[in-house]
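Asks: Structure incoming, see below.
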Amino acid sequence: MPTRLTKIDDLTRPDHTFLEPEDECFYLGEYTARKGFAFSETNNLINNLRKPMGRRGRPEWRYKESAIITCGRMLREAINEEWLGAAMLVPVPGSKMKGDAEYDDRMPRILQALGRGRELDIRELVIMTRNVSQSHLIEDRVTISELIASMTIDETCAEPAPATIGIFDDVLTTGRHFKAVQSVLRDRFPDVPMVGVFIARRAPEATLE
């Protein structure tokens, strides 16, 4: 698995429809959609990470738990310690509200694994106000505007204001969820710089033929 972050640049940005030139986004590995666990180490990691909550309690569940720990360790090794100590780390919320049976806390738990033994500023600051469909499971995906309308700031943990923000998610696909969370955070913290950090980016299929 990669141990260094790669920055989305002018060559890779067109693969992620909604990213803009001013967006700073970094990723570790490349995930190939519609391929199985055996296709690559990154595919194995992401597919295990995304096991649905309905599989909890089954023997395979241990692979999801292991993937969460692995992702935290990978980020810990790859991200500059000084930046980590200065930034507020915000997980992109899942598609379901807290309390829903399908609510998946994998991203907050990855950040907890990243921060184990350190004093890091980790906040579940952006939360869902209603459930939306999981983008990686459907073709008719929600729009950025619909996502923004489904999110809000948890004001109970909004203070103190951060100096910089890291927005964390598992896979960068179109950039839709990143842009929605970025928009919600910018409404609250308009002058704070923001960076996107991803376990993987989706590899364009055209380059794999």
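The values are calculated or read from the model by the stated rules, or taken from the named source; none is laboratory data. None of these values were measured; they are calculated from a predicted model. Positions of Cβ are generated from backbone atoms using ideal geometry, with glycine treated the same way; all protein chains shown enter the neighbour counts. Accessible surface is based on the protein model in full, side chains and every heavy atom, while ligands, DNA and RNA are left aside. Shrake-Rupley method; radii C 1.70, N 1.55, O 1.52, S 1.80 Å.
Asks: Would you pick out the residues in the range 57-87 that are farther than 24 Å from ASP100 by Cα and not in a helix (DSSP H, G or I)?
Replies: Within the range 57-87, ILE79, ASN80, ALA87 meet the criteria.
Listed here are the residues, each with its yes/no results for (1) open to solvent by less than 60 Å² (accessible area, probe 1.4 Å); (2) at pLDDT below 95; (3) of a type in the set (A, V, I, L, M); (4) on the phi > 0 side of the Ramachandran plot.
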residue: ILE79; (1), (2), (3), (4): yes, no, yes, no
residue: LEU84; (1), (2), (3), (4): yes, no, yes, no
residue: ALA87; (1), (2), (3), (4): yes, no, yes, no
residue: SER95; (1), (2), (3), (4): yes, yes, no, no
residue: ALA101; (1), (2), (3), (4): no, yes, yes, no
residue: ARG106; (1), (2), (3), (4): yes, no, no, no
residue: ARG109; (1), (2), (3), (4): no, no, no, no
residue: GLN112; (1), (2), (3), (4): no, no, no, no
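Conditions (1) farther than 21 Å from ALA200 by Cα; (2) charged (D, E, K, R); (3) out of contact with any Gly (no Cβ under 8 Å at 6 or more places or on another chain), marked per residue:
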| residue | (1), (2), (3) |
| --- | --- |
| GLU81 | no, yes, yes |
| GLY85 | yes, no, yes |
| PRO108 | no, no, yes |
| LEU125 | yes, no, yes |
| GLU146 | yes, yes, yes |
| THR156 | yes, no, yes |
| PRO160 | yes, no, yes |
| ALA163 | yes, no, yes |
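Asks: Now for a different question. Output the number of the condition that GLY54 fails; it satisfies all remaining conditions of (1) part of a strand (DSSP E or B); (2) open to solvent by 20 Å² or more (accessible area, probe 1.4 Å); (3) among the small types (Gly, Ala, Ser).
Replies: (1)
Asks: Oh, and also: Determine which single condition ALA67 fails, assuming it passes every other condition in (1) crowded, with 20+ Cβ neighbours inside 10 Å; (2) modelled with pLDDT of 95 or more; (3) in contact with a Phe, Trp or Tyr (Cβ under 9 Å, 6 or more places away or on another chain).
Replies: Result: ALA67 fails condition (3) only.
Asks: Follow-up. Is at least one residue of the range 43-55 touching a strand residue (DSSP E or B) at 6+ places or on another chain (Cβ under 7 Å), of a type outside the set (Phe, Trp, Tyr) and under 19 Å from LEU125 (Cα atoms)?
Replies: Checking the range 43-55: not a single residue is touching a strand residue (DSSP E or B) at 6+ places or on another chain (Cβ under 7 Å), of a type outside the set (Phe, Trp, Tyr) and under 19 Å from LEU125 (Cα atoms).
Asks: Restricting to the range 1-29, and then to whatever is crowded, with 16+ Cβ neighbours inside 10 Å and either at pLDDT below 95 or small (Gly, Ala, Ser) (or both), can you tell me which residue is nearest to LYS179 (Cα to Cα)?
Replies: Among them, the one singled out is GLY29.
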